[in-house]
Structure formats: structure tokens, C-alpha cells
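Enquirer: Handing you a structure now.
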Amino acid sequence: MRLVLDTNVLIAAFRSRTGAAAEVVRLIRRRELTMVATVALVLEYEAVLTRPEHLARAEITAAEAEIAPDVLAAVAEPVESHFLWRPRLRDADDDMVLEAAANGRADAIATFNTRDFAGAASEFGIAVLTPAEILRRL
């Protein structure tokens with residue numbers, strides 16, 4: 001399955017290493033799932049993950065948080081955004097996730113905010129799934 005991670009899934013993976021989000025990230029790292037991402041999206045992962053509230057909750061240092069997106073980027077399939085369909089969604093950061101999914105021919109967007117993506121993603125034939133739903137489909 002080809003997928004794009006919404007930033008909230010990556011944050012959840014670090015906050016709870018035993019949850020479905022963490023398992024999805026482990027499957028990506030083992031290349032059992034194919035993650036597609038743009039440079040802009042990986043930079044957003046780092047910016048959000050290094051926020052003090054996330055560092056404290058995940059019990060990691062800023063240095064550790066800066067490495068995590070690089071590890072994912074190393075196994076992700078890079079995507080260039082050739083077509084910009086903005087704005088499609090209420091949140092510009094969500095538009096960035098949708099663009100990565102559409103340009104990367106993703107099967108799904110992994111997110112906890114399924115309502116935010118559902119209508120626009122379906123226009124591109126992209127499923128919008130929670131991490132638990134992704135695991136059930138495997």
C-alpha cells in the first residue's frame with residue numbers, strides 16, 4: 001500500500017510507541033508499506049515534532065526529533081508536486097498532504113482527521129484511513 005502520513009499520525013507514533021500509528025511507522029521503516037512524501041511535508045514533520053509540547057510528551061530530545069523525519073525520508077519515495085490544486089481543504093497543511101498523495105499516486109492518506117480529507121481525497125481516488133484501518137487492511 002502506498003500512503004502519505006498526515007503529521008498527526010507521526011506525532012501519535014512518537015507519543016505512543018505501542019499504538020497503531022507507531023506500527024504503521026514501523027512498517028514503513030521496514031518497507032512493508034510504501035510512504036510517499038514531498039520535501040515540504042518532511043520539513044513540516046520536523047517542525048511539528050520538535051515543538052516543546054511534543055518533545056515532552058514523547059520524552060525525546062530535539063536532536064532525536066530532528067532525526068526521525070530524516071529516517072522516514074530515507075525510506076520514503078520522493079514526490080515532486082507538479083500540479084497544485086490549492087486550496088481544496090480548509091487547512092493549507094492538509095492541502096500539502098493531499099498534494100503529496102495525488103502526485104505520489106498514493107492509495108491512502110493516513111490520518112486521524114478523516115473528515116478533513118474525505119471529500120477532496122475521493123476526487124483523486126485516494127482512501128482516507130486511520131492507522132488502525134490501515135492495519136486491518138493488511
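The values are calculated or read from the model by the stated rules, or taken from the named source; none is laboratory data. Only a predicted model underlies this, so the values are computations on that prediction, with no experimental measurement involved. Cβ coordinates were reconstructed from backbone atoms using ideal geometry, including for glycine residues, and neighbour counts include every protein chain displayed.
Enquirer: For the list (1) part of a helix (DSSP H, G or I); (2) in contact with a strand residue (DSSP E or B) (Cβ under 7 Å, 6 or more places away or on another chain), I need the number of the one condition that Met35 fails.
Expert: It is condition (1) that Met35 fails.
Enquirer: Can you tell me which residue is nearest to Glu77 (Cα to Cα) among those in the stretch 19-31 that are in contact (Cβ under 8 Å) with a residue 60 or more places away in the chain and either part of a loop (DSSP other than H, G, I, E, B) or of a type in the set (Asp, Glu) (or both)?
Expert: It comes out as Glu23.
Enquirer: Here's a follow-up. I need the full set of residues from the stretch 7-44 which are hydroxyl-bearing (Ser, Thr, Tyr) and surrounded by 15 or more Cβ atoms within 10 Å (Cβ to Cβ), in order please.
Expert: If the condition is that a residue be hydroxyl-bearing (Ser, Thr, Tyr) and surrounded by 15 or more Cβ atoms within 10 Å (Cβ to Cβ), then Thr7, Thr34, Thr38 are the ones that fit.
Enquirer: Given Val4, Val48, which one is of a type in the set (Val, Ile, Thr), in a helix (DSSP H, G or I) and out of contact with any Gly (no Cβ under 6 Å at 6 or more places or on another chain)?
Expert: So the residue among Val4, Val48 that is of a type in the set (Val, Ile, Thr), in a helix (DSSP H, G or I) and out of contact with any Gly (no Cβ under 6 Å at 6 or more places or on another chain) is Val48.
Enquirer: Do you know which residues across the stretch 44-74 are hydroxyl-bearing (Ser, Thr, Tyr) and over 15 Å from Val97 (Cα atoms)?
Expert: Thr50, Thr61
Enquirer: Now, a different point. Which of the residues spanning the stretch 97-138 are without any contact (Cβ under 8 Å) to a residue 40 or more places away in the chain and either surrounded by fewer than 18 Cβ atoms within 10 Å (Cβ to Cβ) or polar (S, T, N, Q) (or both)?
Expert: Thr114, Arg115, Ala118, Gly119, Ser122, Glu123, Phe124, Gly125, Glu133, Arg136 - these are the residues of the stretch 97-138 that are without any contact (Cβ under 8 Å) to a residue 40 or more places away in the chain and either surrounded by fewer than 18 Cβ atoms within 10 Å (Cβ to Cβ) or polar (S, T, N, Q) (or both).
Enquirer: In the set Arg105, Arg90, which member is part of a loop (DSSP other than H, G, I, E, B) and either within 23 Å of Glu23 (Cβ to Cβ) or at pLDDT below 75 (or both)?
Expert: Arg90
Enquirer: Still on this structure, I have one more. Quick check on the stretch 51-76: of everything there that is in contact with a strand residue (DSSP E or B) (Cβ under 8 Å, 6 or more places away or on another chain) and part of a helix (DSSP H, G or I), which residue is surrounded by the most Cβ atoms within 10 Å (Cβ to Cβ)?
Expert: If we take residues in the stretch 51-76 being in contact with a strand residue (DSSP E or B) (Cβ under 8 Å, 6 or more places away or on another chain) and part of a helix (DSSP H, G or I), then Leu72 is surrounded by the most Cβ atoms within 10 Å (Cβ to Cβ).
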